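*Asks:* Pasting in a structure now, in structure tokens, and then I'll have a few things to ask.
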Amino acid sequence: MWKIGINPPKDEPILADQPPDRCCVSVQDPPEVDGGDENPERGNWTNKTEYMLSLTGYAIGLGNIWRFPYLAYKHGGGAFVIAYLIMLALFGIPLYFLESAIGQFSSQGPVNVWRAVPLLQGVGVGTIFLTSLIAIYYNVIVSYGLFYLFASFQSPLPWYTCQSWGDNNCSDTPLVYCNSSGALVANWTLDNTTCASSDKIKLRAQIPSEQYWDHVALQRSGSIEETGPIVWHLALCLLLTSILVAAALIKGIKSSGKVMYFTSVFPYVVLVILLIRGATLEGARDGIDFYIGAQSNLTKLTEAEVWKDAATQTAFSLAIACGGLVTLASYGKFHNNMFIDSVAICIINHATSILAGFAIFSILGHMSYIYQIPIGEVVKDGFGLAFIVYAEALTKLPISTLWSILFFFMIFVIGLDSQFTNFEVISTCIADAFPKSKRAYISTGCSCICFLLGLPLVTKAGIYWLTLMDACVGTWLLIVLALMEIIGFCYIYGINRLIEDIEMMVGKKSFWFWLWWRACWSVISPCILLAILVWSLQSLTLPNYGGGKLPAWAEVLGWCIVALPLIWIPIIAVYKLGRAEGNLWKRLKSLCASSKEWHPFLDIHRGERYSEERCQKRKQKAVDPEQMSMPVFTGL
């Protein structure tokens with residue numbers, strides 16, 4: 001069996017209307033039809049701007065706003081930024097480029113691209129399950145932002161001071177007690193008594209925004225075992241979010257692309273406004289110094305955890321192995337230069353994280369100045385930064401209602417951007433499997449199912465479930481699927497074949513151009529991913545919101561969530577091996593060779609390499625016992 005991508009043996013005819021070179025097609029788009037689509041059956045982006053805005057909106061997520069600034073604080077500020085940028089070059093851009101290339105080449109979703117390596121089609125199915133789980137709980141996070149947006153239309157902000165919803169531990173200053181005669185006295189100043197300094201005890205109080213988050217927004221129960229009723233204001237926000245997502249995707253990319261003109265640009269406007277406002281506040285300079293300035297600790301670069309967190313944040317921030325990049329690229333035109341797009345979006349994504357860090361830490365520096373406490377005691381991870389610390393900081397600004405509306409509207413819009421693509425991944429796979437189905441029905445159905453499955457996450461114990469799902473889904477599962485992508489396309493399908501496919505789209509490139517990408521795809525990127533995976537597995541724990549240990553049944557359920565996307569890889573591999581013909585070696589060989597359906601979607605782009613006649617001959621040779629002596633791993 002001769003290798004795909006090289007010139008055929010002399011006894012094989014070359015079609016008269018095709019050039020004999022291996023790319024077999026000039027790098028020009030065919031005449032546009034059907035309102036500008038070169039692919040009328042599946043559709044294309046209306047223009048390049050909408051495609052780039054969609055990629056930007058998908059890459060810029062809530063993690064850029066609250067996860068990155070926390071990690072920068074935790075790992076020495078500027079030191080983490082350096083590691084973050086290095087990881088972008090070593091495996092962020094290479095994997096982003098890889099996913100964009102295979103999606104654009106085949107014009108298929110995350111499942112059908114595995115026609116290149118049918119044995120691993122379970123990776124694509126696992127990606128869909130992973131994205132579905134993300135879409136369920138991400139929808140709830142977006143609804144949190146929507147609730148806070150509605151709550152911000154009050155003056156003063158409802159979490160400005162402790163109100164009837166607060167308890168005795170609610171205060172915007174530390175609670176001071178007097179240890180008088182072995183008994184704690186709270187109102188010692190009112191009892192006309194004096195208290196020696198040695199007897200004064202400071203206890204940490206919960207600031208109003210923290211109690212508002214727990215008692216009003218979440219109405220949080222004591223544990224995951226106390227489910228309680230549905231929190232109806234969150235359920236209604238969840239319903240509205242689901243309706244907006246369905247409406248934006250009612251016509252697929254044709255409608256979502258139009259929405260992106262606003263949703264992708266608006267967050268940058270708000271970030272710049274908040275940065276300018278924050279820079280004028282007292283204490284802002286201390287916050288910036290703590291983030292990336294004089295207080296940066298470059299010695300942190302010698303710690304392995306810094307590099308692990310930088311690589312992990314890069315993978316999660318770029319949404320690698322989530323199926324979104326493949327899906328968005330599948331609607332691009334065949335000769336679009338996805339290499340330039342990949343580099344540009346990756347740089348924009350990381351630059352946005354750094355910009356968000358400046359905006360966030362300028363406000364946190366002001367908050368530290370007001371409370372006279374170290375910034376390290378102000379910063380929190382995840383929800384605590386957005387819905388507690390930043391919400392509290394907004395109350396200290398002049399015209400706090402305006403700034404709160406802008407901030408939480410930005411949180412809501414950023415969440416919607418990513419959610420659009422999560423739903424598009426699912427819808428695209430359904431549409432690829434059932435081409436005659438209407439996108440309006442698919443989008444509406446997906447939104448309804450996602451809303452119903454999200455209802456348990458808006459009960460009084462919902463935050464515990466959301467934390468568990470985020471810990472199980474948003475951690476090392478992405479790393480496993482990314483490793484499988486590299487194994488499938490770079491080792492089994494082969495880097496040489498992959499490069500030839502890419503050159504069919506972007507034209508011939510020099511040896512030196514491909515040298516770096518070969519090194520990344522074959523050695524550097526998989527080694528980094530493997531190191532992250534080993535480290536993550538060694539330190540893996542399932543967290544419980546608010547601390548404490550999860551009950552045994554919740555941990556078992558968490559591991560079932562982890563297994564759900566991965567179990568399809570062996571299941572589908574065994575199923576396909578069982579249906580193939582020949583002995584085990586022949587079956588394995590045939591399933592590691594690309595199927596006859598693996599080719600550019602349109603005939604005009606297939607050239608001589610992927611012509612029907614050569615596909616048929618390759619299929620005949622694949623089942624011919626005399627042609628089975630060639631090793632499977634011929635791509636390198």
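*Asks:* Given the condition assigned to a helix (DSSP H, G or I), of a type outside the set (S, T, N, Q), closer than 30 Å to residue 297 by Cβ and open to solvent by less than 10 Å² (accessible area, probe 1.4 Å), answer yes or no: does some residue in segment 96-109 qualify? Give the derivation first.
*Replies:* We begin by selecting, within segment 96-109, every residue assigned to a helix (DSSP H, G or I); these are 96-106.
So of that shortlist, the ones also of a type outside the set (S, T, N, Q) come out as 96-99, 101-103, 105.
Retained after the next criterion (residues that are closer than 30 Å to residue 297 by Cβ): 96.
Narrowing further to those that are open to solvent by less than 10 Å² (accessible area, probe 1.4 Å): 96.
Scanning segment 96-109 turns up at least one residue that is assigned to a helix (DSSP H, G or I), of a type outside the set (S, T, N, Q), closer than 30 Å to residue 297 by Cβ and open to solvent by less than 10 Å² (accessible area, probe 1.4 Å).
*Asks:* What number of residues within segment 314-352 are closer than 17 Å to residue 61 by Cβ, buried (at least 24 other Cβ atoms within 10 Å of the Cβ) and of a type in the set (Ser, Thr, Tyr)?
*Replies:* Qualifying residue count for the region: 2.
*Asks:* Answer yes if at least one residue in segment 281-291 is surrounded by fewer than 23 Cβ atoms within 10 Å (Cβ to Cβ) and hydroxyl-bearing (Ser, Thr, Tyr), and no otherwise.
*Replies:* Checked against the condition, which is being surrounded by fewer than 23 Cβ atoms within 10 Å (Cβ to Cβ) and hydroxyl-bearing (Ser, Thr, Tyr), segment 281-291 yields no hits at all.
*Asks:* Right, another one. For residue 411, only one of the following conditions fails: (1) farther than 30 Å from residue 331 by Cα; (2) surrounded by 24 or more Cβ atoms within 10 Å (Cβ to Cβ); (3) touching a Leu at 6+ places or on another chain (Cβ under 8 Å). What is its number?
*Replies:* Result: residue 411 fails condition (1) only.
*Asks:* Still on this structure, please answer the following. Taking segment 506-525, which residues are among the hydrophobic types (A, V, I, L, M, F, W, C), closer than 23 Å to residue 606 by Cβ and touching a residue at least 40 places away in the same chain (Cβ under 8 Å)? Don't jump to the end; show me each part of the working.
*Replies:* Here is the first cut: in segment 506-525, the residues among the hydrophobic types (A, V, I, L, M, F, W, C) are 506, 511-517, 519-521, 523-524.
When the remaining residues are screened for being closer than 23 Å to residue 606 by Cβ, the result is 506, 514.
Within segment 506-525, 506 is the sole residue that qualifies.
*Asks:* If you don't mind, another one. Could you check how many residues of segment 223-242 are open to solvent by 60 Å² or more (accessible area, probe 1.4 Å) and either part of a loop (DSSP other than H, G, I, E, B) or within 12 Å of residue 419 (Cβ to Cβ) (or both)? Outline the logic, then answer.
*Replies:* Just the residues of segment 223-242 that are open to solvent by 60 Å² or more (accessible area, probe 1.4 Å), to begin with: 225-227, 229, 232, 236, 239-240.
Then drop every residue that is not either part of a loop (DSSP other than H, G, I, E, B) or within 12 Å of residue 419 (Cβ to Cβ) (or both), which leaves 225-227, 229.
Number satisfying all stated conditions: 4.
*Asks:* Test residue 294 against the stated conditions and say whether it is at pLDDT below 85, out of contact with any helix residue (DSSP H, G or I) (no Cβ under 9 Å at 6 or more places or on another chain) and surrounded by fewer than 20 Cβ atoms within 10 Å (Cβ to Cβ).
*Replies:* On the way: at pLDDT below 85: yes; out of contact with any helix residue (DSSP H, G or I) (no Cβ under 9 Å at 6 or more places or on another chain): yes; surrounded by fewer than 20 Cβ atoms within 10 Å (Cβ to Cβ): yes.
Yes; evaluated as a whole, the condition is true for this residue.
*Asks:* Return the residues of segment 71-90 that are in contact with a Phe, Trp or Tyr (Cβ under 7 Å, 6 or more places away or on another chain) and at positive phi; say none if nothing qualifies.
*Replies:* The one that is in contact with a Phe, Trp or Tyr (Cβ under 7 Å, 6 or more places away or on another chain) and at positive phi: 77.
*Asks:* Residue 287 - would you say it is within 29 Å of residue 371 (Cα to Cα) and at pLDDT 80 or above?
*Replies:* On the way: within 29 Å of residue 371 (Cα to Cα): yes; at pLDDT 80 or above: yes.
Spelling it out, residue 287 is indeed within 29 Å of residue 371 (Cα to Cα) and at pLDDT 80 or above.
*Asks:* Looking for something hydroxyl-bearing (Ser, Thr, Tyr) and farther than 16 Å from residue 481 by Cβ - is there at least one such residue anywhere in segment 116-138? Spell out the reasoning first.
*Replies:* The first filter runs over segment 116-138 and keeps only residues hydroxyl-bearing (Ser, Thr, Tyr), leaving 127, 131-132, 137-138.
Filter again for farther than 16 Å from residue 481 by Cβ, leaving 137-138.
Within segment 116-138, one or more residues are hydroxyl-bearing (Ser, Thr, Tyr) and farther than 16 Å from residue 481 by Cβ.
*Asks:* Is it the case that residue 455 is assigned to a helix (DSSP H, G or I), surrounded by fewer than 19 Cβ atoms within 10 Å (Cβ to Cβ) and modelled with pLDDT under 90?
*Replies:* Considered against the rule, which asks whether it is assigned to a helix (DSSP H, G or I), surrounded by fewer than 19 Cβ atoms within 10 Å (Cβ to Cβ) and modelled with pLDDT under 90, residue 455 comes out as no.
*Asks:* Something else about it: Of everything in segment 394-428, what is farther than 19 Å from residue 242 by Cβ and in contact (Cβ under 8 Å) with a residue 60 or more places away in the chain? Give them in sequence order. If you could, list the steps in order and put the result at the bottom.
*Replies:* Let us first name the residues in segment 394-428 that are farther than 19 Å from residue 242 by Cβ, namely 394-407, 410.
Within segment 394-428, 394, 395, 397, 400, 401, 403, 404, 405, 406, 407, 410 qualify.
*Asks:* Quick check on segment 386-408. Is at least one of its residues under 26 Å from residue 132 (Cβ atoms) and either under 25 Å from the mean Cα position of the chain (by Cα) or crowded, with 23+ Cβ neighbours inside 10 Å (or both)?
*Replies:* Within segment 386-408, the subset under 26 Å from residue 132 (Cβ atoms) is 386-387.
In the following step, the residues that additionally are either under 25 Å from the mean Cα position of the chain (by Cα) or crowded, with 23+ Cβ neighbours inside 10 Å (or both) were identified as 386-387.
Yes.
*Asks:* For the structure I just gave you, tell me whether residue 325 is assigned to a helix (DSSP H, G or I), in contact with a helix residue (DSSP H, G or I) (Cβ under 7 Å, 6 or more places away or on another chain) and either farther than 19 Å from residue 486 by Cβ or of a type outside the set (Asp, Glu) (or both).
*Replies:* Values: assigned to a helix (DSSP H, G or I): yes; in contact with a helix residue (DSSP H, G or I) (Cβ under 7 Å, 6 or more places away or on another chain): yes; either farther than 19 Å from residue 486 by Cβ or of a type outside the set (Asp, Glu) (or both): yes.
Against the criterion (assigned to a helix (DSSP H, G or I), in contact with a helix residue (DSSP H, G or I) (Cβ under 7 Å, 6 or more places away or on another chain) and either farther than 19 Å from residue 486 by Cβ or of a type outside the set (Asp, Glu) (or both)), residue 325 qualifies.
*Asks:* Which residue out of 532, 528, 572 is over 25 Å from residue 314 (Cβ atoms), in a helix (DSSP H, G or I) and either in contact (Cβ under 8 Å) with a residue 12 or more places away in the chain or open to solvent by less than 50 Å² (accessible area, probe 1.4 Å) (or both)?
*Replies:* Numbers: 532 fails: over 25 Å from residue 314 (Cβ atoms); 528 fails: over 25 Å from residue 314 (Cβ atoms).
Sole residue among the options that is over 25 Å from residue 314 (Cβ atoms), in a helix (DSSP H, G or I) and either in contact (Cβ under 8 Å) with a residue 12 or more places away in the chain or open to solvent by less than 50 Å² (accessible area, probe 1.4 Å) (or both): 572.
*Asks:* Then there is this: In this structure, is residue 383 crowded, with 18+ Cβ neighbours inside 10 Å and modelled with pLDDT of 80 or more?
*Replies:* Values: crowded, with 18+ Cβ neighbours inside 10 Å: yes; modelled with pLDDT of 80 or more: no.
No: the conditions fail for residue 383.
*Asks:* What is the one condition in (1) at pLDDT 90 or above; (2) open to solvent by less than 10 Å² (accessible area, probe 1.4 Å) that residue 477 does not satisfy?
*Replies:* (1)
*Asks:* May I pose another question? Can you tell me how many residues in segment 458-505 are in a helix (DSSP H, G or I), more than 21 Å from residue 67 (Cα to Cα) and either aromatic (Phe, Trp, Tyr) or free of Cβ contacts under 8 Å to residues at least 60 places away in the same chain (or both)?
*Replies:* Summing the residues that are in a helix (DSSP H, G or I), more than 21 Å from residue 67 (Cα to Cα) and either aromatic (Phe, Trp, Tyr) or free of Cβ contacts under 8 Å to residues at least 60 places away in the same chain (or both) in segment 458-505 gives 4.
*Asks:* Turning to a different aspect of this structure: All but one of (1) assigned to a helix (DSSP H, G or I); (2) surrounded by fewer than 24 Cβ atoms within 10 Å (Cβ to Cβ) hold for residue 256; which doesn't?
*Replies:* (2)
*Asks:* Identify all residues within segment 117-169 that are open to solvent by 10 Å² or more (accessible area, probe 1.4 Å), among the aromatic types (Phe, Trp, Tyr) and assigned to a helix (DSSP H, G or I); write none if there are none.
*Replies:* Matches in segment 117-169: 129, 137, 138, 147, 150.
*Asks:* Output the qualifying pairs, or none if there are none: Cβ atoms under 8 angstrom, residues six or more apart or on different chains, first residue in segment 225-236 and of a type in the set (Val, Ile, Thr), second residue open to solvent by 50 Å² or more (accessible area, probe 1.4 Å).
*Replies:* Qualifying pairs under 8 Å: 227/456; 227/460; 231/219; 231/460.
The values are calculated or read from the model by the stated rules, or taken from the named source; none is laboratory data. All values derive from a computational prediction rather than experimental measurement. FYI the Cβ positions are ideal-geometry reconstructions off the backbone, even for glycines, and counts take in every protein chain you see. Calculation scope for accessible area: heavy atoms of the full protein, side chains included, ligands and nucleic acids excluded. Shrake-Rupley method; radii C 1.70, N 1.55, O 1.52, S 1.80 Å.
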